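Asker: To start, I am sharing the structure in question, which I have written as structure tokens.
Computed from the coordinates by the stated procedures, all read-outs in this text should not be read as laboratory data. Computed from a predicted structure; not experimentally measured. Every residue, glycine as well, gets a Cβ built from its backbone with ideal geometry; the counts of neighbours run over all protein chains shown.
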Amino acid sequence: MTIDERLFVGTSSDEHVEMYLKAMWLIKENGEAIKVSSVARLLRIRQPSVVQMMKRLDRIGYVKYKKFNITLTDKGEKIGASIVRKSRLLEVLMISHLKVKSDEKIVCGMEHHMSDEFTDSLSSILGNPATSPNGKTIPFNHDRIFPKEDC
């Protein structure tokens, strides 16, 4: 049996949810509207899979999903920001402190298993960096960095 999975996620349902929330957070950070097509492209999966997950995320309160409108809820945005924070702190650790090339597979595998306490301690050890080595803002302590959208 050949498995050609391009996402760097484990088998945990929570990890899949976190990857979707991270993808949507990154799309929003880039100033773009969150669309099924943009999520599918970023995660390298098919659009019907994204639609199925959007419906699930809507049911559990992480997004507001209507056919052509996807909005992160405060809860979804907080989780997305948390995963991005972990990812970017790991990039700082790898590039700036360990002096190794950032490895997306390693970062993606680790970010889902870091507790808030571990993440905050890592940030402290790294000097609480505000930006990643790529110049991207590191969300601080799971706070939203986007202004509240008008409803």
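Asker: Give the order of Ile27, Ile95 when sorted by the count of other beta carbons within 10 angstrom, beginning with the fewest.
Answerer: Arranged by neighbour count, lowest to highest, Ile27, Ile95 become Ile95, Ile27.
Asker: Could you pull out which residues in the range 54-95 have an amide N less than 15 Å from a spot 7 Å beyond the Cα of Phe140, following the Cα-Cβ vector?
Answerer: Residues 85 qualify, since their backbone N sits under 15 Å from the label point.
Asker: Along each of its three principal axes, how wide is the spread of alpha-carbon positions in the range 1-120, in whole angstrom units, largest first?
Answerer: 45, 40, 25
Asker: Residue by residue through the range 16-32, what is 3J(HN,Hα) from phi via Karplus (6.51 cos²θ - 1.76 cosθ + 1.60, θ = phi - 60°)? Round to whole Hz and write x for glycine and proline.
Answerer: Along the range 16-32, the couplings run 5, 4, 4, 5, 5, 5, 4, 4, 5, 4, 5, 4, 5, 4, 7, x, 9 Hz.
Asker: Starting from the exponent 0.38 and prefactor 2.2 Å, build the expected Rg for the range 13-75 from its residue count and divide its actual Cα Rg by it.
Answerer: 0.96
Asker: First select every other residue whose beta carbon is under 11 angstrom from the beta carbon of Leu21; then total the charges, Lys and Arg +1, Asp and Glu -1.
Answerer: Charge balance in the 11 Å sphere: 0.
Asker: Continuing with the same structure: What distance in nm lies between label points placed 7 Å from Cα along the C-beta direction at Ile95 and Leu122?
Answerer: Placing both labels 7 Å beyond Cα along the Cβ direction yields 1.5 nm.
Asker: Sticking with this one: On a full-extension model of 0.36 nm per residue, what is the gain between Ala130 and Ile60, subtracting their alpha-carbon distance, rounded to one decimal in nm?
Answerer: Numbers: separation 70, 0.36 × 70 = 25.20 nm, distance 3.12 nm.
Fully extending the segment from Ala130 to Ile60 adds 22.1 nm.
Asker: Arranged by the count of other C-beta atoms within 10 angstrom, fewest first, what order do Arg46, Arg41, Arg85 take?
Answerer: Taking fewest neighbouring Cβ atoms as first place, the list is Arg46, Arg41, Arg85.
Asker: How do Lys28, Lys67 line up, fewest other C-beta atoms within 10 Å first?
Answerer: Result, fewest neighbours first: Lys67, Lys28.
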